[in-house]
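The values are calculated or read from the model by the stated rules, or taken from the named source; none is laboratory data. Everything quoted here is computed from the prediction, not taken from an experiment. Reconstructed Cβ throughout: ideal geometry from the backbone, glycine too, with neighbour counts over all protein chains shown.
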Amino acid sequence: MNLSTKRWFYIIILSLVWGSSFILMKKSLVGLSPLQVGSLRIIFASLALFSVGFKKLKELKKENLKPIVITAAVGTFFPVFLFAFAIHDIDSAIASILNSLTPLNTLIVGGLFFGIYFNNFQKIGVLIGFLGTVILILSSAKINTNQQYIFALLPVIASIGYAFNLNIIKKYLQNVSPLSISTGNFAVMFIPAILVLYFSGFFTDYHIGDEKMNRSLFYLMLLSVFGTALAKTLYNKLIQLTTTAFSSSVTYLIPVVAVMWGVIDGEKFLLSQILASVFIFFGIYLSSKKLK
């Protein structure tokens, strides 16, 4: 498999897996709280990664530790909880579209903190993308009056974390194996996740015979193993194979899958939301263009 085919293979697999993650989060939240979903997701994913990659921790050098800790925090730990709280209060399809701001934020973060130049085309793209975001949040709040769309800001914050994560891996962990990065990230997060789970009340709330919680745990295990552990490793590999712009473009396709699942599950997705989404994607397209 040549490099171009390999990159697109990763993009398609990640879009299918991550696109399905939003509906799995929604189903997990039926019987579990956002804190429980976030912490258990990290714990399950950690155990899955430790079973195959624990020996890879030996490959990490002293200079890798700081980037590993930072990417663990901004690329997984905080976003996991931000999305859990967001999807608890807004439609999963809307959260997935807001997640697509990652390429725009990758460009901004790269320009502000990593010395990456961006041209006028890209600046216009950023403005259009954020205009689309405002329209999407306001129109969705008008359609779903029973939902609290202040929580729509949480996926936006998470996408900024993803942008830092992507730039840090590209600059400081380019030559570290993707499995080592993923396993190192979850080794950092494992104990904090257990502490959050303990204080979330899970150990007093859970009963073996509770069907609703058991069903939520099943969805959460699928989300953790495939949507977190496997996807995180594949994404780290994709970042190393290509540019930050191409890597973050997976967020073009994620909403397509997520919206499909949302509509199947009965979520509303009307013309005003479609138009706002077009604004966002057009902004992302412009921001990814380079002047010849």
### Query
Going by the conditions given, is residue 21 within 20 Å of residue 208 (Cα to Cα), within 16 Å of the chain's Cα centre (by Cα), assigned to a helix (DSSP H, G or I) and at pLDDT 90 or above?
no
### Message
Every residue in region 118-154 that is within 13 Å of residue 282 (Cβ to Cβ), β-branched (Val, Ile, Thr) and at pLDDT 75 or above, please.
### Response
124, 128, 133, 135
### Task
Go through the residues of region 197-210 one by one and say whether even a single one is exposed (fewer than 14 other Cβ atoms within 10 Å of the Cβ) and more than 19 Å from residue 30 (Cα to Cα).
yes
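Matching residues to (1) without any contact (Cβ under 8 Å) to a residue 40 or more places away in the chain; (2) within 30 Å of residue 185 (Cα to Cα); (3) not aliphatic (A, V, I, L, M):
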{"residue": "234", "(1), (2), (3)": "no, yes, no"}
{"residue": "252", "(1), (2), (3)": "no, yes, yes"}
{"residue": "261", "(1), (2), (3)": "no, yes, yes"}
{"residue": "267", "(1), (2), (3)": "no, no, yes"}
{"residue": "278", "(1), (2), (3)": "no, no, no"}
{"residue": "283", "(1), (2), (3)": "no, no, yes"}
### Task
Starting from residues that are surrounded by 13 or more Cβ atoms within 10 Å (Cβ to Cβ) and more than 21 Å from the chain's Cα centre (by Cα), keep the ones in region 275-292 and report whichever is modelled with the highest pLDDT.
275
### Message
Quick check on region 61-73. Is at least one of its residues more than 25 Å from residue 264 (Cβ to Cβ), surrounded by 19 or more Cβ atoms within 10 Å (Cβ to Cβ) and among the β-branched types (Val, Ile, Thr)?
### Response
yes
### Message
Exactly one condition in (1) assigned to a helix (DSSP H, G or I); (2) small (Gly, Ala, Ser); (3) more than 30 Å from residue 264 (Cα to Cα) is false for residue 115; which is it?
### Response
(1)
### Task
Residue by residue through region 2-22, note down the ones that are among the β-branched types (Val, Ile, Thr) and under 30 Å from residue 265 (Cα atoms).
11, 12, 13, 17
#### Entry: Selection status of residue 106, assigned to a helix (DSSP H, G or I), surrounded by 24 or more Cβ atoms within 10 Å (Cβ to Cβ), in contact with a Gly (Cβ under 9 Å, 6 or more places away or on another chain) and of a type in the set (Val, Ile, Thr)
no
### Query
Counting just the residues of region 212-225 that are surrounded by fewer than 19 Cβ atoms within 10 Å (Cβ to Cβ) and within 16 Å of residue 50 (Cα to Cα), which one comes out modelled with the highest pLDDT?
221
### Message
Can you find a residue that is assigned to a loop (DSSP other than H, G, I, E, B) and over 20 Å from residue 62 (Cα atoms) anywhere in region 212-221?
### Response
no
### Message
Of all residues being at pLDDT 90 or above and among the small types (Gly, Ala, Ser) in region 189-211, which is nearest to residue 228 (Cα to Cα)? Just the residue, please.
### Response
193
### Task
May I ask you to say which residue of 85, 113 is surrounded by fewer than 24 Cβ atoms within 10 Å (Cβ to Cβ) and at pLDDT 95 or above?
85
## Note on the structure
Pairs returned, first residue in region 31-42 that is within 12 Å of residue 198 (Cα to Cα), second residue that is of a type in the set (S, T, N, Q) and surrounded by 24 or more Cβ atoms within 10 Å (Cβ to Cβ), beta-carbon separation under 9 angstrom, 6 or more apart or interchain, are 36/28; 40/28; 40/224
### Task
From 206, 149, grab the single residue that is more than 30 Å from residue 58 (Cα to Cα), free of Cβ contacts under 8 Å to residues at least 40 places away in the same chain and in contact with a helix residue (DSSP H, G or I) (Cβ under 7 Å, 6 or more places away or on another chain).
206
### Summary
When restricted to 179, 173, 138, the only residue surrounded by fewer than 16 Cβ atoms within 10 Å (Cβ to Cβ) and either out of contact with any strand residue (DSSP E or B) (no Cβ under 6 Å at 6 or more places or on another chain) or not charged (D, E, K, R) (or both) is 138
